[in-house]
1. Can you give the extra length, in nm with one decimal, that the chain gains between LEU92 and HIS122 once fully stretched, where that is 0.36 nm per residue apart less the Cα-Cα distance?
2. Tell me the angle of helix 63-77 to the major Cα principal axis of the chain, expressed in degrees between 0 and 90 and rounded to the nearest ten.
3. Across region 110-120, in residue order, what do the Karplus-derived ³J(HN,Hα) couplings come to in whole Hz, using 6.51 cos²θ - 1.76 cosθ + 1.60 with θ = phi - 60° and x for Gly and Pro?
4. Would you mind telling me which residue in ASP16, ASP96, ASP147 has the biggest mean-square fluctuation in a Gaussian network model of the chain, where springs connect alpha carbons within a distance under 10 angstrom?
5. Students often get this wrong: which residues of region 164-201 have the backbone nitrogen under 15 Å from the point 7 angstrom along Cα-to-C-beta of ILE39?
6. Pick from SER48, SER80, SER90 the residue whose mean-square fluctuation is largest in a GNM of the chain, springs joining Cα atoms under 10 Å.
7. Each residue of region 180-195 in turn: what ³J(HN,Hα) in whole Hz from Karplus with 6.51, -1.76, 1.60 and θ = phi - 60°, glycine and Pro shown as x?
8. List the chymotrypsin sites (Phe, Trp or Tyr not before Pro) in region 112-188 that DSSP assigns to loop (not H, G, I, E or B) and whose Cβ has at most 16 other Cβ atoms within 10 Å. Which are they?
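Please treat every number below as a calculation from the coordinates, not as lab data. Keep in mind the model is a prediction, meaning the values are calculated, not measured. Every residue, glycine among them, receives a Cβ derived from its backbone with ideal geometry; neighbour counts consider all protein chains shown.
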Amino acid sequence: MVKARVPPERQGAMFDYVLASDGLYLNAERAELEVFFRIAPAEVRGLSPGRPAFNFWRPLVPGNLIEEVFRIATRYAEYSKETLFWLEHSELNPYDEGWLIRQPAQTRTAASCRPYGGQDEHYQRAIIEIHSHHSMPARFSSTDDRDETGFRIYGVIGRLPEAPEIRMRVSVYGYFWEIPACWVLDLPEGLRDCNENAEES
């Protein structure tokens with residue numbers, strides 16, 4: 001993965017589709033990141049192959065903040081409850097490379113965590129959204145697929161507390177690409193990256 005690669009110039013307001021010899025790709029950009037990844041494999045003669053790209057224009061989330069997320073998620077895992085975190089970045093914040101963790105007011109159950117209404121401003125500022133699956137594996141569920149339809153980075157933590165693991169993906173309005181967590185997070189020791197050896201696409 002050449003993360004510094006520049007995808008084709010975008011033309012659409014939200015994202016572009018790009019046809020390559022190996023399938024259909026999606027190209028999208030916001031202030032914090034740009035992605036170019038395949039959403040449908042195909043064989044198309046006469047075109048150049050696509051090359052996935054991920055450019056993150058913010059510092060990695062520091063390990064101490066991820067440790068805090070892990071600590072809080074583990075506490076709720078003792079009661080078999082999921083919990084939700086929003087991570088936002090501001091250049092005006094002099095601490096933790098500008099990152100801030102926010103726990104929105106929410107309902108927590110064994111199968112879901114839902115933020116209360118009236119928090120749109122904080123939600124819109126979030127670049128990364130992470131939730132926990134307590135003792136269950138770190139896998140995105142069909143419910144997650146229905147809910148995670150913004151253009152941002154999503155993560156799920158699972159197998160708490162015995163064998164903690166994390167899985168990350170980019171969502172572009174419901175198109176998903178799983179990525180190594182180390183592309184956006186400085187992972188603390190002991191937290192396994194489920195996509196550590198993920199292929200490009």
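1. Result for the pair: 9.2 nm of gain on full extension.
2. That works out to roughly 60 degrees.
3. Using θ = phi - 60°, the values come out as 6, 10, 6, 9, 10, x, 5, x, x, 10, 4 Hz.
4. ASP147
5. It comes to 170-178, nothing else.
6. Of SER48, SER80, SER90, the most mobile in the Gaussian network model is SER48.
7. Those phi angles translate into x, 4, 5, 6, 10, 10, 8, 6, x, 4, x, 9, 7, 8, 5, 10 Hz.
8. For chymotrypsin sites (Phe, Trp or Tyr not before Pro) across region 112-188 that sit outside H, G, I, E and B with at most 16 neighbouring Cβ atoms in 10 Å, the list reads TYR116, TYR173.
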